[in-house]
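Engineer: Sharing a structure, written as structure tokens. Questions coming.
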Amino acid sequence: MLVHNLLKKKEILRVARGFYSFQTDPALAGFAFSPFYYGLQEALSLRNLWEQETNPVIITPKKVRPGLRSSMGANIVVRRISRKMFFGFGMVKYYDFWLPVSDPEKTLIDFAYFRERLPEEALREIKKSLDKKKLRGYLKKTPFLTRKKVEKMLE
């Protein structure tokens, strides 16, 4: 009853089924899908590798319905990833919060894994910030086809 009344008064917002927040920032929606990390275009934005605003892209190994959702008055994108591929992220300070965000190396791998198009300007910025040793370690954990796509992107 308390949650119902708080929702009615708009003192809390529904993030996802069973998850509510006093904050209005859609970047916090990922916590409803724990374990998770922000990846793809959102990781590029949060790591300052490009200047474009994007919908938050939440990557989780949980069995949830992937796709576009509306949460906290904004659109979010949820993507599923296998447990084997759930690695390569660190915490990034976002205003008053710490969010799990994929490393530049893992972001590059995720673009190949999810068959997403990576803009040339973003690829140039990723190449500048790559740690080659870390990338080689990550590529050993990835499927063969994804590894080949990443190698082709770096040529």
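Engineer: Let me know the longest stretch in the chain that avoids all chymotrypsin sites (Phe, Trp or Tyr not before Pro) found in a DSSP loop with at most 13 other C-beta atoms within 10 Å. Let's see the in-between values first.
Structural biologist: Details: sites that count: PHE22, TYR95.
Excluding the exposed sites themselves, the longest stretch runs over 23-94.
Engineer: Right, next: For segment 90-101, just list the computed ³J(HN,Hα) in residue order, Karplus coefficients 6.51, -1.76 and 1.60, θ = phi - 60°, integers in Hz, with x standing in for Gly and Pro.
Structural biologist: Per residue, the Karplus-derived 3J(HN,Hα) values read x, 8, 10, 6, 10, 6, 9, 10, 10, 10, x, 10 Hz.
Engineer: I would also like to ask the following. Taking the DSSP beta bridges in the chain as the whole, what percent of them are antiparallel, to the nearest 5? Intermediate results must be reported in sequence, preceding the final value.
Structural biologist: Working: 16 of 21 bridges.
For the chain, the DSSP antiparallel bridge percentage is about 75.
Engineer: Follow-up question, since we're still on this one. Kindly put VAL78, VAL64 in sequence by how many other C-beta atoms sit within 10 Å of each C-beta, fewest to most.
Structural biologist: Details: VAL78 23, VAL64 16.
The most exposed by this proxy come first: VAL64, VAL78.
Engineer: Have a look at PRO61, PRO26, PRO119 and tell me which one the Gaussian network model of the chain (Cα, springs below 10 Å) gives the largest fluctuation.
Structural biologist: The residue that fluctuates most here is PRO119.
Engineer: Test of understanding: in a Gaussian network model of the chain with alpha carbons linked when under 10 Å, which of GLY18, GLY88, GLY137 would top the mean-square fluctuation ranking?
Structural biologist: Its mean-square fluctuation being the largest, the pick is GLY18.
Engineer: Please compute the modelled spin-label separation between ASN48 and PHE19, points set 7 Å along Cα→Cβ, answer in nm with one decimal.
Structural biologist: 2.8 nm
Engineer: Something else about it: Beyond 24 Å, what share of the Cα-Cα pairs of the chain remains, rounded to the nearest whole percent? Walk me through the numbers before you get to the answer.
Structural biologist: Values: 4187 of 11935 pairs.
It works out to 35 percent of all Cα pairs.
Engineer: Mind listing the phi-derived Karplus ³J(HN,Hα) values for segment 116-125, rounded to whole Hz, using 6.51, -1.76 and 1.60 with θ = phi - 60°, and x for any glycine or proline?
Structural biologist: 9, 7, 9, x, 4, 4, 5, 4, 4, 5
Engineer: Pick from PRO143, PRO56, PRO66 the residue whose mean-square fluctuation is largest in a GNM of the chain, springs joining Cα atoms under 10 Å.
Structural biologist: For the chain, modelled as a Gaussian network with Cα springs under 10 Å, the answer is PRO143.
Engineer: Could you check the simple spin-label distance between LEU2 and LYS63, using points 7 Å along Cα→Cβ, in nm with one decimal?
Structural biologist: Once both label points are built, they end up 3.2 nm from each other.
Engineer: Also, I was wondering about something else. Which loop-located GluC sites (Glu not before Pro) does segment 25-73 contain, where loop means any DSSP state but H, G, I, E or B and the Cβ has at most 15 other Cβ atoms within 10 Å?
Structural biologist: Working: sites: GLU42, GLU51, GLU53; in loops: GLU51, GLU53.
Counting only loop positions with at most 15 other Cβ atoms within 10 Å, the GluC sites (Glu not before Pro) in segment 25-73 are GLU51, GLU53.
Any read-out appearing in this document is the output of simple, stated calculations on the displayed coordinates, not a laboratory observation. Please read all numbers here as calculations on a predicted model, not as lab measurements. Cβ sites come from the backbone with ideal geometry, for glycine too, and all protein chains shown count toward neighbours.
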